[in-house]
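Undergrad: One structure follows; several queries about it will come next.
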Amino acid sequence: MFFLNFIDPLSFIAGFASATVIWFLLGRARPLLAELREGLKEQREQAQTRKTSSVEENHRRLTLRRAQGMHLAAQLFALDEILQEPTVIIPPAPVEPGGATRFEDVVTQTLPYMPAWPEVAAVYQPHTLTLPQALGGDTNIVIIGQPGTGKTVALAHLASLAANHSEQLGELQEFVPFHFHVADLNLPAQDPKNILSVIVDAASENAPMFDVGKMPAFVQSVFKGGQALLLVDGYDEITPDEQTLVAEFFKLLLKAHPKTRIVTTGAPEYLDGLIPLGFVPLALCSWTELGNQKFVDQWSELWARTVAMEAWAQTGPEQVDPLLINSWLGSESLNLSPLELTLKIWGAYAGDSLGPHILETIATHIRRLAPANTPLAALETLAMQVVVSATPVFDPRKAREWVKSFEVTEEAQEGEPVQSPEEEAQETPKGKKGKKVEKVSTPNTGLLGKMSTSGLLVAYSNNRMRFVHPVFAGYLAGHALTNYNAEETLLNQPDWSGKYLTMRFIAAHGDASRLVQAMLEFSRLPMHRPLFAAARWLRDAPRNAPWRGKMFGTLAAILQTDGIPLSLRGQAMAAFVYSNDPSAAALFRQFATSGSFELVHLAILGVGAVRDTKSLKLLESALNAPSLSVKRAACMALAAINTNESLEIAAHALLNGEEDVRRAAGEALANDPNEGHAMLRDGITINDILLRRAVIYGLGRVRDEWATDLLKKVQIEDEQWVVRNAATEVLEMRTHSAAFAPMRPKAPHETPWLIEFAAKKGVGVSPGVPATDILLVALKDENPEVRLAALQFLKYTPQDVVLKQMYEAMYKDDPELREASYNVLWELGTAGVKLPHPSEYGLG
């Protein structure tokens, strides 16, 4: 009662009513508040998107600008103006037991897979992929090739496509490119848990000032969203220790962001760290003869439209007729890399070439890039120290010590003679207490700064420098080291591109007998890597070099050895072709009369690759050989020689040969855009089923629009279902390029054929448990598809017992298994796995 006396009933009723109203209003307003919160959140997200999109737009624009300047002639033309689209050779198809087999043309089946020697592939033109097509799978790739074959341009082309949202990239069209050289990356990462900081730092170096602060959020957004395309150049240029750092970075990055796509560059001989991460090596195809001519014509047109119109060109000596230049260049471009052909064309059009030999064209370009009044000895000393110390990306502070005797004081006027160190010491002013006053130079001053400004060196903000191209460093170092006994120093280094380039140019400028002797002694089965590395020196070495005979003899012995993989023997054939030695054709003709069909097969491919017109009768008789591979090789060689007589023989085979020979002839004639294409056009109209079917497969290798239209017409209108089916098969191959792109292998416990195979053997395949034992059983199975499929998994567990069975498979009588085993062992060898001599397993 006492409590009730203190409550005013009127106030109680008013308060209760007010509370009721307030709670009613709050209940009605709750959806409005939620909507308001969503609106604010959306505004924040839109603001973040606007920030990110502006950063992304700037990043794409700068990436495109940098990529368009990442080629040898950047000071003359943009990349897209002079680009020859890069292509990669399709590796052998993976086998899925019970699955559909992938279509392969006869050329691809007949030419051994030799990723280290794409020069022969350029002659016969096996099936290739463009880089966007190669990325159509779901794996990361490493583009491999010798220095100067266009790997940097290939990455720059990809970066340009991605920066422009090119439709060619398919599912990767909206991916954001991050395009760096290994020297851009500060490795090892300071904080492995924040692995993207490496990307942020590298991307921020070229970002606009106002975007630097936004770069971490932008990079995080792209990588977490699975939209990053990381393109890393220069992996092939660095030493194994540095490659280990980059590979570890890739490993951490892919672990944190598994949807990231990575493309990097590599050498065919050493890919330490990449194969275990699942990278697929794809060999960059050399330019064909037609591609070389197209590049020459393109350069000629651009030069006449741009460079020739400049004042210095108008007032200089009278220009030579471009038709004469182009004709000369066309006959002198055999076995030249894109870098070498570019320098040869540049020298011809600029009129500043020191001579016709490729060594002279390289020297000419180094002279173009070198700062004025810089002695050649300074450049050679710097390059020599880079190679001897095995530091392709070097610290300019150390490099100044290497070339300090060539430094010109800032007070010296241009054109004055460079003082000797002794004269400089006499004139150096003294500071207090008699100490010399030393001028402190920065990375942008002094001789190194001048080399960076002139374009011979590339400078990075993190106290790093490198030569603009490893070929120039190798040339200068090789020339310098001919005056020293540096063989032991070089041979004791781990394998890296600078070492082999330097030895190549030592062989070109001096006597490399001791180097060659050591390389031959190091060389052994199953790879013979040192031998084939040294074989590349033959082309530029003097014809009277004392070591040439021994080298040719060793190569000939491998070429003649039966029972070893064709891919290995084929490299010996390719080395003869690449040497440009006139005796190679006679040797191939001799081997083509052998009783060994495998040797005849390779010799005939060699005859065609050197375009030996004296072998036509031999090739004509080879069309009737008992071996199908020999007959196919003969058709390919006839088309490669490409004379009227050779094409007539090929045409006769197309019209009158056996079914398999007709198909081989049709595919081979597709390589000739003139007479060959005309024969295919005519052949499709002739009333001969086998002829038309063979022509269909030939048209399938012609990438022109008219060929596709013709195939579609035949697919519908031809009276014979055999011909229509062939047209359908070829068109499907052309339109489903993704089927040829490398794919990431499934884990063993997710692989249907292996689960079924294991179940038949009474065992299971569990996640996280190695399936090595059951795979070794599969490698000995009677089913050839099971044996081939097992190899693809076993390469990830290269234990001694696995290597032993791979070696045994390589020496079996099954040619397909032998080649597949060799290719897997090649990948393992490039990944750094020590491959014992076959004799350790009682083989060879």
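Undergrad: Sort through Val212, Val198, Val219 and tell me the only one that's modelled with pLDDT under 95, of a type in the set (Val, Ile, Thr) and more than 20 Å from the chain's Cα centre (by Cα). Show your work before the answer.
TA: Working: Val198 fails: modelled with pLDDT under 95; Val219 fails: modelled with pLDDT under 95.
None of the others qualify; the one that does is Val212.
Undergrad: Would you say Ser594 is surrounded by fewer than 22 Cβ atoms within 10 Å (Cβ to Cβ) and either in contact with a Ser or Thr (Cβ under 8 Å, 6 or more places away or on another chain) or not in a helix (DSSP H, G or I) (or both)?
TA: Working: surrounded by fewer than 22 Cβ atoms within 10 Å (Cβ to Cβ): yes; either in contact with a Ser or Thr (Cβ under 8 Å, 6 or more places away or on another chain) or not in a helix (DSSP H, G or I) (or both): yes.
Answer is yes for this residue.
Undergrad: Same structure, new question: Regarding region 124-147, can at least one residue be identified that is more than 28 Å from Met733 (Cα to Cα) and either more than 14 Å from the chain's Cα centre (by Cα) or not charged (D, E, K, R) (or both)? Let's see the steps before the verdict.
TA: Step one: filter region 124-147 for residues more than 28 Å from Met733 (Cα to Cα), giving 146-147.
Those still in the list that are either more than 14 Å from the chain's Cα centre (by Cα) or not charged (D, E, K, R) (or both) too: 146-147.
Taking every residue of region 124-147 in turn, at least one turns out to be more than 28 Å from Met733 (Cα to Cα) and either more than 14 Å from the chain's Cα centre (by Cα) or not charged (D, E, K, R) (or both).
Undergrad: Can you give me the number of residues within region 328-383 that are open to solvent by less than 10 Å² (accessible area, probe 1.4 Å), over 25 Å from the mean Cα position of the chain (by Cα) and without any contact (Cβ under 8 Å) to a residue 40 or more places away in the chain?
TA: Total satisfying the criteria: 3.
Undergrad: Determine whether Asp562 is under 21 Å from Met810 (Cα atoms) and outside any helix (DSSP H, G or I). Write out each step before concluding.
TA: Numbers: under 21 Å from Met810 (Cα atoms): yes; outside any helix (DSSP H, G or I): yes.
The answer is yes for Asp562.
Undergrad: Filter region 710-725 down to the residues that are assigned to a loop (DSSP other than H, G, I, E, B) and polar (S, T, N, Q) and list them by number.
TA: Looking only at region 710-725, we keep the residues that are assigned to a loop (DSSP other than H, G, I, E, B), and these are 718-720.
Once the filter is applied, which keeps residues that are assigned to a loop (DSSP other than H, G, I, E, B) and polar (S, T, N, Q), region 710-725 yields only Gln720.
Undergrad: Please note which helices (runs of 4 or more DSSP H) are completely contained in region 779-844 and include at least 2 residues that are within 18 Å of Arg524 (Cβ to Cβ).
TA: Details: elements: 784-794, 800-810, 815-830.
Result: 800-810, 815-830.
Undergrad: If you take the residues in region 713-760 that are of a type in the set (Gly, Ala, Ser) and open to solvent by 60 Å² or more (accessible area, probe 1.4 Å), which one is nearest to Arg693 (Cα to Cα)? Explain how you work it out, then say what you get.
TA: Start the filter on region 713-760 by keeping residues that are of a type in the set (Gly, Ala, Ser), which leaves 726-727, 737-739, 741, 747, 758-759.
With the extra rule that they be open to solvent by 60 Å² or more (accessible area, probe 1.4 Å), the set shrinks to 739, 759.
Values: Ala739: 23, Ala759: 43 Å.
Per the criteria, the residue is Ala739.
Undergrad: Restricting attention to region 385-414, which residues are open to solvent by less than 60 Å² (accessible area, probe 1.4 Å) and either at pLDDT below 50 or touching a His at 6+ places or on another chain (Cβ under 9 Å) (or both)?
TA: Those that are open to solvent by less than 60 Å² (accessible area, probe 1.4 Å) and either at pLDDT below 50 or touching a His at 6+ places or on another chain (Cβ under 9 Å) (or both): Val393, Thr409, Ala412.
Undergrad: Open to solvent by 10 Å² or more (accessible area, probe 1.4 Å), assigned to a loop (DSSP other than H, G, I, E, B) and of a type in the set (Ser, Thr, Tyr): does that describe Thr101? Walk me through how you get there before you give the answer.
TA: Details: open to solvent by 10 Å² or more (accessible area, probe 1.4 Å): yes; assigned to a loop (DSSP other than H, G, I, E, B): yes; of a type in the set (Ser, Thr, Tyr): yes.
Against the criterion (open to solvent by 10 Å² or more (accessible area, probe 1.4 Å), assigned to a loop (DSSP other than H, G, I, E, B) and of a type in the set (Ser, Thr, Tyr)), Thr101 qualifies.
Undergrad: Within region 663-679, track down each residue that is part of a helix (DSSP H, G or I), among the charged types (D, E, K, R) and open to solvent by less than 20 Å² (accessible area, probe 1.4 Å). Quick ask: steps written out before the conclusion?
TA: First pass over region 663-679, keeping only residues part of a helix (DSSP H, G or I): 663-669, 675-679.
Cutting the leftovers down to among the charged types (D, E, K, R) gives us 663, 667, 675.
Result: Glu667, single match.
Undergrad: Sort out which residues of region 726-773 are within 21 Å of Pro92 (Cβ to Cβ) and not in a loop (DSSP other than H, G, I, E, B), and write them in order of number.
TA: Within region 726-773, the first condition is being within 21 Å of Pro92 (Cβ to Cβ), and the residues that meet it are 729-730, 732-734, 736-746, 748, 751, 753-754.
Of everything in region 726-773, those that are within 21 Å of Pro92 (Cβ to Cβ) and not in a loop (DSSP other than H, G, I, E, B) turn out to be Glu729, Val730, Glu732, Met733, Arg734, Ser737, Ala738, Ala739, Phe740, Pro748, Trp753, Leu754.
Undergrad: Out of Glu840, Glu827, which single residue is under 30 Å from Pro530 (Cβ atoms), without any contact (Cβ under 8 Å) to a residue 12 or more places away in the chain, touching a Lys or Arg at 6+ places or on another chain (Cβ under 9 Å) and not basic (Lys, Arg)? Spell out the reasoning first.
TA: Details: Glu827 fails: without any contact (Cβ under 8 Å) to a residue 12 or more places away in the chain.
Residue meeting the stated conditions: Glu840.
Undergrad: Ala159 is checked against (1) at positive phi; (2) touching a Pro at 6+ places or on another chain (Cβ under 6 Å) and fails just one. What number does that condition carry?
TA: (1)
Undergrad: Looking at Leu776, is it touching an Asp or Glu at 6+ places or on another chain (Cβ under 8 Å), open to solvent by less than 70 Å² (accessible area, probe 1.4 Å) and assigned to a helix (DSSP H, G or I)? Quick ask: steps written out before the conclusion?
TA: Numbers: touching an Asp or Glu at 6+ places or on another chain (Cβ under 8 Å): no; open to solvent by less than 70 Å² (accessible area, probe 1.4 Å): yes; assigned to a helix (DSSP H, G or I): yes.
It is false that Leu776 is touching an Asp or Glu at 6+ places or on another chain (Cβ under 8 Å), open to solvent by less than 70 Å² (accessible area, probe 1.4 Å) and assigned to a helix (DSSP H, G or I).
Undergrad: For region 274-289, give me the residue count where each residue is crowded, with 21+ Cβ neighbours inside 10 Å and not aromatic (Phe, Trp, Tyr).
TA: Initially, region 274-289 is screened for residues crowded, with 21+ Cβ neighbours inside 10 Å, giving 274-275, 279, 281-287.
Still in the running and not aromatic (Phe, Trp, Tyr): 274-275, 281-286.
Total satisfying the criteria: 8.
Undergrad: In addition: Which pairs turn up if I take residues in region 595-614 that are touching a residue at least 24 places away in the same chain (Cβ under 8 Å) and closer than 15 Å to Ala572 by Cα and look for partners that are among the hydroxyl-bearing types (Ser, Thr, Tyr) and outside any helix (DSSP H, G or I) with beta carbon separation below 7 Å, at least 6 apart in sequence or on another chain?
TA: Between residues of region 595-614 that are touching a residue at least 24 places away in the same chain (Cβ under 8 Å) and closer than 15 Å to Ala572 by Cα and residues that are among the hydroxyl-bearing types (Ser, Thr, Tyr) and outside any helix (DSSP H, G or I), the close pairs are Val600/Ser594; His601/Ser627.
Undergrad: For the structure I just gave you, tell me whether Glu705 is surrounded by 15 or more Cβ atoms within 10 Å (Cβ to Cβ) and more than 19 Å from Asp105 (Cβ to Cβ).
TA: Values: surrounded by 15 or more Cβ atoms within 10 Å (Cβ to Cβ): no; more than 19 Å from Asp105 (Cβ to Cβ): yes.
For Glu705, the condition - surrounded by 15 or more Cβ atoms within 10 Å (Cβ to Cβ) and more than 19 Å from Asp105 (Cβ to Cβ) - is not met.
For every residue, the table says whether it meets (1) within 24 Å of Pro530 (Cα to Cα); (2) loosely packed, with under 15 Cβ neighbours inside 10 Å; (3) not β-branched (Val, Ile, Thr).
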| position | (1), (2), (3) |
| --- | --- |
| Gly563 | yes, yes, yes |
| Met573 | yes, no, yes |
| Tyr578 | yes, no, yes |
| Phe588 | yes, no, yes |
| His601 | no, no, yes |
| Ile604 | no, no, no |
| Pro626 | no, yes, yes |
| Ala633 | no, no, yes |
| Leu638 | no, no, yes |
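Undergrad: Let me ask something else. Which residue is most open to solvent (accessible area, probe 1.4 Å), if the candidates are limited to region 467-499 and must be touching a helix residue (DSSP H, G or I) at 6+ places or on another chain (Cβ under 6 Å) and without any contact (Cβ under 8 Å) to a residue 40 or more places away in the chain?
TA: Among them, the one singled out is Thr482.
Undergrad: Please pick out the residue among Val722, Val765 that is more than 33 Å from the chain's Cα centre (by Cα) and under 24 Å from Tyr796 (Cβ atoms).
TA: On the way: Val722 fails: under 24 Å from Tyr796 (Cβ atoms).
The conditions single out Val765.
Undergrad: Mind checking which pairs have a first residue in region 530-559 that is open to solvent by 10 Å² or more (accessible area, probe 1.4 Å) and a second that is of a type in the set (Asp, Glu), Cβ under 6 Å, 6 or more apart or different chains?
TA: Short answer, once both residue conditions are applied: none.
Undergrad: Take the residues in region 680-709 that are in a loop (DSSP other than H, G, I, E, B), within 33 Å of the chain's Cα centre (by Cα) and among the charged types (D, E, K, R); name whichever of them is nearest to Asn642 (Cα to Cα). Even if it seems obvious, please write down each step before you answer.
TA: Filtering region 680-709 down to residues in a loop (DSSP other than H, G, I, E, B) leaves 684-688, 700-704.
Now drop any that are not within 33 Å of the chain's Cα centre (by Cα), which leaves 700-704.
Applying the additional criterion that residues be among the charged types (D, E, K, R) yields 701, 703-704.
Working: Arg701: 17, Arg703: 19, Asp704: 20 Å.
Among those residues, the one meeting the criterion is Arg701.
Undergrad: Which of the residues that make up region 721-740 are modelled with pLDDT of 90 or more and aliphatic (A, V, I, L, M)?
TA: Val722, Val723, Ala726, Ala727, Val730, Leu731
The values are calculated or read from the model by the stated rules, or taken from the named source; none is laboratory data. Everything numeric here is computed off the predicted structure, so don't read it as measured data. Here the Cβ is made from the backbone with ideal geometry for all residues, glycine too, and neighbour counts use every protein chain on show. These accessible areas exclude ligands, DNA and RNA; they are computed on the full protein's heavy atoms, side chains included. Shrake-Rupley method; radii C 1.70, N 1.55, O 1.52, S 1.80 Å.
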